[in-house]
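To keep things clear, I will list the structure first and then write my remarks on it.
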Amino acid sequence: MSLTPECGSVHTHSVLCDGKGTLAEMAAAAFAAGVRYFGASGHSHTEIPHDAGNVLPADPAEYRAQVLALRAEYAGRMEILLGIEQDSQSPQPVPDWADYWIGSVHNLRDPETGKYHCVDWDRERLAACRDGMFGGDALAMTEGYYAGVAAMAERWPTILGHMDLVTKLNRGNAFFDEEDPRYRAAALEALHHADPDRTLLEINTGAVARGYRDDPYPAPFLLKEWRAMGGQVILTADAHSPETVIFGYRQAAELARAAGYRESVLLTSRGWEPCPL
């Protein structure tokens, strides 16, 4: 079988967290789209009030059972990987049953008030984070966010998830200038905490699919730096509905090639499998 990036879709969500399709519907859509390495990556449980209904329950037994049933159903036709998207604020460790894990930062915790602020929900909540936690300094907010990314990167996730997620609601530099040296320094510092021998950097099209961004994460300067570090990339759709399981892969591949990559990686049961872009 000739491998292409479209053969893999391992950043996916179902109705068991914040997705719009069942796990069976997500897997069926992936198989129909030509995916041969499908990964379920439900959001890890947190105790954050606004996460209620959007993350896996504290006991993920049903999630595991459904994924393993799909693995048996598609045996010999499509590999089914059992993953998890581990949130930086999850009180639970990465489960030992996970085939892989995506390390992501979605929320910042104010140490003074104990309040959690979501960086990718809507502009009102992002403004509340900036004002309530960082005294109105949006660049300080990005520095706080990237400190969380650095800490997550140091845990050696299989995939570092949408590492510049703090830009999701920043179209038109609504909150901060993404060219500002202070912003870029914080982002690059976080990237330098990742180990290119242990972690893949994802090129994530999810925010494009949902209309928040025009281009996938991460920004070109981060992709170029990761390549200079010897790192490899994986294309992901961060799919929350069956029709988006390989959304925007062509655009993601173009972004990768512009940054100097000639191949990406597929995540398989055997490990990392390179494929041409």
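The values are calculated or read from the model by the stated rules, or taken from the named source; none is laboratory data. Remember, it's a predicted structure, so these values are computed and weren't measured experimentally. Quick reminder, even Gly has a Cβ in these numbers, built from the backbone with ideal geometry, and neighbours come from all protein chains shown. Note: areas computed on protein heavy atoms with side chains; ligands, DNA, RNA excluded. Shrake-Rupley method; radii C 1.70, N 1.55, O 1.52, S 1.80 Å.
Just one of the listed residues (ALA239, ALA259) is under 19 Å from ILE159 (Cβ atoms), at pLDDT 95 or above, open to solvent by less than 60 Å² (accessible area, probe 1.4 Å) and within 18 Å of the chain's Cα centre (by Cα), namely ALA239. Yes or no: ASN204 at negative phi, open to solvent by less than 10 Å² (accessible area, probe 1.4 Å) and within 16 Å of the chain's Cα centre (by Cα)? Judged against the criteria, ASN204 is a match. When ASP177 is tested against (1) in a loop (DSSP other than H, G, I, E, B); (2) surrounded by 15 or more Cβ atoms within 10 Å (Cβ to Cβ), exactly one condition is not met: (2). Taking the range 87-173 and the strands (runs of 3 or more DSSP E) fully enclosed by it, the elements with 2 or more residues that are in contact with a Pro (Cβ under 8 Å, 6 or more places away or on another chain) and hydrophobic (A, V, I, L, M, F, W, C) are at 100-104.
Conditions (1) in contact (Cβ under 8 Å) with a residue 24 or more places away in the chain; (2) within 20 Å of ALA151 (Cβ to Cβ); (3) touching a helix residue (DSSP H, G or I) at 6+ places or on another chain (Cβ under 8 Å), marked per residue:
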residue	(1), (2), (3)
ASP180	yes, no, yes
ALA186	yes, yes, yes
VAL208	yes, no, yes
ASP215	yes, no, yes
LEU222	yes, yes, yes
ALA228	no, no, no
ALA237	yes, no, yes
VAL245	yes, no, yes
GLY260	yes, no, yes
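Residue check: is ALA69 part of a loop (DSSP other than H, G, I, E, B) and over 16 Å from the mean Cα position of the chain (by Cα)? Here the answer is no, as ALA69 does not meet what is asked.
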